[in-house]
Amino acid sequence: MNSIPLDLSYEIFSRLSTNTIARCRCVSKQWRSILCSADFTELFLTKSSARPSLLFAMRGATENEFLFYCSPQIHSQNGKASSAAYCKLKIPDDRLIFISHASGFFCFRHEPISKKDEYTAHVMFNPSTGQTVFLPKQRTAHESFLGFDPIEKVFKVMSLIADGSLYGCIHNILTLTGEMRWRKIQCSLSHYPRSEGICINGSLYYLAAGRDQAYYIVCFDVRSENFKFIQAEFYGPWARSLINYKGKLGVVSWRGHNSSGYYWGENIGVNSLPMHELRLWVLEDVVEGAWSEYSYTLPVDKFGDTYRHASDVCVIGVTATGEIVLFKQYNYTFSVFYFHPERNTIQRVEIQGFKNQATVYASVNHVDDLTLNIKPQRVQQDLLLFNMNYHQLQQDVHSKTNKFAVLSLLEDI
């Protein structure tokens with residue numbers, strides 16, 4: 001290795017899978033130094049960003065586990081694409097509740113199934129490596145969101161502390177660096193979240209209702225921890241799904257959505273009229289609160305034989321080339337639709353390989369990231385509830401990339 005230039009070593013290693021990189025980190029101190037360096041992890045992330053994938057998360061056989069599948073984010077010639085078992089998150093006993101994801105990482109709440117404990121905790125999970133970090137417990141909060149600061153490269157979890165009326169202006173904030181502690185911050189407007197959150201370029205957005213009965217887009221700057229409230233005059237029962245539209249916040253109105261922006265596995269009460277209009281509001285200027293509005297008519301016959309099938313479809317994001325991606329879960333089939341607004345064309349790709357039919361959370365533009373700023377062994381030992389038994393992990397096909405966490409721990413032995 002000494003005779004190979006460092007830049008060439010980076011290039012060679014960057015072509016390996018995350019699981020193989022974990023094994024290579026255990027070969028020698030020299031390899032570990034190369035593969036753990038900031039330069040290499042940044043190069044790996046850059047290369048991974050050039051080949052984004054679709055990522056699907058679904059509840060497993062029990063309430064304390066989630067399964068992850070990935071599929072290429074490309075158009076298939078035959079209209080079909082295979083999904084591969086990516087990894088599995090499982091904790092003992094407690095119930096896992098999906099919160100949100102940002103910059104390739106997922107955040108869950110885990111709560112006692114008995115609900116006797118008035119405290120709750122959060123779980124950070126990197127599906128690329130299988131690394132899991134349990135955050136310190138806090139008193140049960142109403143809603144939680146995950147944000148990422150791309151400048152300082154740190155994650156923050158924000159939980160709204162609501163009063164008896166569900167509205168609140170006090171938030172708990174935890175930064176995933178160094179000594180992790182919850183601290184309180186206050187915003188100027190008491191509000192109640194009405195959507196999932198999305199983080200775009202260091203800003204965390206979510207829809208909220210104020211005590212004044214008005215609706216707002218809440219913009220939380222992850223780095224400065226300042227709030228800004230933008231009045232959402234367009235708000236309606238169908239305009240609750242937030243997406244990243246070419247680096248800007250997009251709000252989608254589509255009658256296939258439920259209130260959380262993803263499909264729950266049942267009809268949500270859409271009437272029999274043809275509902276094929278997709279409306280999109282794009283936040284062009286955060287300071288001025290300026291919006292652009294777009295309206296598209298989608299060919300509903302692509303979604304199924306009847307208009308009812310359109311109610312099973314939700315918008316999950318936008319590709320780098322501007323295609324709006326929709327996801328449909330109906331009976332035993334899973335389909336992704338790529339809608340090109342300028343050409344007014346839509347292509348359906350059937351996703352194959354799922355092993356169960358639970359609620360599916362689908363996301364676009366997922367990239368593999370080798371970094372996790374907080375190593376598991378730096379978290380309090382009483383919070384490390386996940387099983388690191390290597391031989392047990394070997395026996396589970398879904399946890400194949402969880403070996404990354406095991407091998408990373410073996411580096412220090």
Applying the selection to the stretch 35-52, what residues are β-branched (Val, Ile, Thr) and either exposed (fewer than 11 other Cβ atoms within 10 Å of the Cβ) or out of contact with any Ser or Thr (no Cβ under 6 Å at 6 or more places or on another chain) (or both)? Thr46
Ser190 being modelled with pLDDT under 90, in a strand (DSSP E or B) and either in contact with a Lys or Arg (Cβ under 7 Å, 6 or more places away or on another chain) or not assigned by TED's automatic domain parsing to the domain that holds Arg279 (or both): yes
Subset tally (residues that are of a type outside the set (Asp, Glu), without any contact (Cβ under 8 Å) to a residue 60 or more places away in the chain and closer than 18 Å to Gly289 by Cβ) for the stretch 206-235: 17
Across the stretch 226-258, what is the number of residues that are at pLDDT 75 or above and more than 21 Å from Gly210 (Cα to Cα)? 7
Which of the residues spanning the stretch 41-82 are within 30 Å of Ser9 (Cα to Cα) and of a type in the set (D, E, K, R)? Glu42, Lys47, Arg51
Select from the stretch 13-38 the residues that are assigned to a helix (DSSP H, G or I) and within 25 Å of the chain's Cα centre (by Cα) and write down the one among them that is farthest from Gln73 (Cα to Cα). Ala38
Tally, over the stretch 68-89, of residues that are of a type in the set (Lys, Arg) and modelled with pLDDT of 85 or more: 0
Going by what's in this entry, would Tyr205 be described as surrounded by 20 or more Cβ atoms within 10 Å (Cβ to Cβ), under 21 Å from Gly104 (Cβ atoms) and of a type in the set (Ser, Thr, Tyr)? yes
All conditions in (1) surrounded by 19 or more Cβ atoms within 10 Å (Cβ to Cβ); (2) more than 21 Å from the chain's Cα centre (by Cα) are true of Asp7 except (1)
Some residue of the stretch 396-404 being exposed (fewer than 15 other Cβ atoms within 10 Å of the Cβ) and either modelled with pLDDT under 60 or of a type in the set (Phe, Trp, Tyr) (or both): yes
For the stretch 324-333, check the following and say yes or no: at least one residue is under 20 Å from the mean Cα position of the chain (by Cα) and either at pLDDT below 85 or among the basic types (Lys, Arg) (or both). yes
Provide a single number: the residues in the stretch 283-298 that are within 13 Å of Glu233 (Cα to Cα) and among the aliphatic types (A, V, I, L, M). 2
Test Ala57 against the criterion of being within 30 Å of Ala81 (Cβ to Cβ) and surrounded by 14 or more Cβ atoms within 10 Å (Cβ to Cβ), and give yes or no. yes
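The values are calculated or read from the model by the stated rules, or taken from the named source; none is laboratory data. Predicted model, so just to flag it, every value in this text is computed and none were measured. Quick reminder, even Gly has a Cβ in these numbers, built from the backbone with ideal geometry, and neighbours come from all protein chains shown.
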